[in-house]
Amino acid sequence: MTKKQGEGTKENYQGAESIKPKYVLRLYVAGTSRKSLRAMQNLNKLLKEELEGQYELEIIDIYQQPIFAKNGQIVAAPTLIKELPLPLRKMVGDLSDTNKVLAGLDLSGRE
């Protein structure tokens, strides 16, 4: 199961001064486990509230595609990786602590 969601378009931006960085995220899940499902729900809610149209999310099921877990050096699931903007960040768990996820995405100081 690999899904991409939330790809933004230039029409969503209202001028050069309001262009914000595009976030490239990967969420590694372990099938349909309770924690994985909760992580997907929590992340989707947070992204819609904070980054609407500014992100690309790929969800990778490590049971169906274990090579991605090996290549991504994933040792626990669910794991969220923020690839862009740099620096790369990894967050493990169900992503229920919104403040920690926002800090991991470098969004904690946003208005």
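What number of residues within the range 68-107 satisfy the criterion of being exposed (fewer than 12 other Cβ atoms within 10 Å of the Cβ), at negative phi and not in a helix (DSSP H, G or I)?
Selection size over the range 68-107: 4.
Which of the residues belonging to the range 29-79 are modelled with pLDDT of 95 or more, within 13 Å of Val92 (Cα to Cα) and among the β-branched types (Val, Ile, Thr)?
Scanning the range 29-79 gives Val29, Thr79.
Filter the range 18-45 for residues that are on the phi < 0 side of the Ramachandran plot and assigned to a loop (DSSP other than H, G, I, E, B); which is surrounded by the most Cβ atoms within 10 Å (Cβ to Cβ)?
Step by step, filter the range 18-45, then rank; the result is Ala30.
Taking the condition of being under 20 Å from Arg34 (Cβ atoms) and modelled with pLDDT under 95, how many residues in the range 80-99 meet it?
Total satisfying the criteria: 1.
So the check is Cβ under 6 Å with 6+ separation or different chains; which pairs have a first residue in the range 80-100 that's closer than 20 Å to Glu49 by Cα and a second one that's among the aliphatic types (A, V, I, L, M) and outside any strand (DSSP E or B)?
Listed pairs, sorted by first residue: Lys82/Leu105; Asp94/Ala39; Leu95/Ala39; Leu95/Leu43; Leu95/Val101.
The values are calculated or read from the model by the stated rules, or taken from the named source; none is laboratory data. From a predicted model like this one, the values you see are computed outputs, not experimental measurements. Ideal geometry is used to build each Cβ from the backbone, glycine not excepted, and the neighbour counts take in all protein chains shown.
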